[in-house]
Amino acid sequence: MPVITKHRYIKNYPIKKNDKYLVLGTIHPHGHSELDFFYGNAKTFWDILSNATELKFKTLDDILEIFNQYNIGISDMVIECERKDKSVTKDSDLYNLKLNTDIKNQILDSNIETIFFTSAFGKNNAAKLFFDLFKLKMQVPKNWNKTYEFHIEFENKVIKCIVLLSPSGASNIGISNSKIYKQVKNEYYGIFDKPVKQFKIDFYKSKFKEVFSANKKGAGLNF
């Protein structure tokens, strides 16, 4: 039976004036989450960040304290959508999306310098929705997935865009077949119990190095 998912967190956690970094996703699953916050389902995103940094994102208080300390905001591109049933979690299966148009003014009225997209340019992914909504897709370089980083002009601001590998465990098969993983597969496969997860951890460590100081052991690669 179709269900309507209304975002539970966007209004409660607006982007703050002094935020320099923004984590931007799509929308949370319909049902109950282990953590009553963004990316609360299975807490995969927070687990990866914990392993990629010297910080622990275990509780909501932990997350809010760290995000305030490092001037990080968090939001999503979808404020409401429909799903075939409450078990649907894939972005591509969402329909009748209502987008978070308020995010434009929140970004422009803040100190945001960098946006971390937690999904790329597939159907209903965070980056695609953002660039389509604000008619910015002409600024996306064709080879964006070479470094997963590029800059755009957003009204009167220059914004650094970083496209993250999806934190979802369901994305691991796709990542294992990706060019960026295959290039370094030998540094993970047969060495780590969960090679793709460790690859994600090192990827996040590299991409968040401008935000956090991360000295934990890994393959030590620069992406």
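Classify the range 55-145 as rounded, prolate or oblate, taking a ≥ b ≥ c as the square roots of the eigenvalues of its Cα gyration tensor: rounded when a/c is under 1.5, otherwise prolate if a/b is larger than b/c and oblate if not. In terms of gyration-tensor shape, oblate. Cβ-Cβ distance of ILE191 and LYS90, R₀ of 35 Å, FRET efficiency by 1/(1 + (r/R0)^6): the value works out to about 0.70. With a cut-off of 15 Å between beta carbons, the residues surrounding ILE4 carry a summed charge of +2, where Lys and Arg count +1 and Asp and Glu -1. In the chain, a dipole from Cβ-located charges (positive for Lys and Arg, negative for Asp and Glu) runs towards its positive end, and of TYR189, TYR39, LEU97 it is TYR189 whose Cα lies farthest in that direction.
About its Cα centre, the range 120-185 has a charge dipole of approximately 280 debye under the convention of +1 per Lys or Arg Cβ and -1 per Asp or Glu Cβ, with nothing else charged. Kindly identify the range 1-124 as rounded, prolate or oblate by the Cα gyration tensor criterion: order the square roots of the eigenvalues as a ≥ b ≥ c, call it rounded if a/c is under 1.5, otherwise compare a/b with b/c, prolate if a/b is larger, else oblate. It comes out oblate by the Cα gyration axes.
Charged neighbours of GLU80, selected by a Cβ distance under 14 Å, balance to +2 (K, R count +1; D, E count -1). Think of each Lys and Arg Cβ as +1 and each Asp and Glu Cβ as -1; about the Cα centre, that makes the dipole of the chain roughly 580 debye.
Only helices enter the 222 nm calculation for the chain: every DSSP H run of n ≥ 4 contributes -39,500 (n - 2.57), and dividing by all residues gives -6500 deg cm²/dmol, rounded to 500. Computed from point charges on the beta carbon alone (+1 for Lys and Arg, -1 for Asp and Glu), the dipole magnitude for the range 102-223 about its Cα centre is near 500 Debye. Among beta bridges from DSSP that stay inside the chain, the antiparallel ones total about 50%.
Each reported figure results from applying straightforward, stated rules to the coordinates on display, with no laboratory input. As the structure is a prediction and not an experimental result, all values here were calculated from the model. Neighbour counts run over all protein chains shown; Cβ positions are idealised from the backbone, glycine included.
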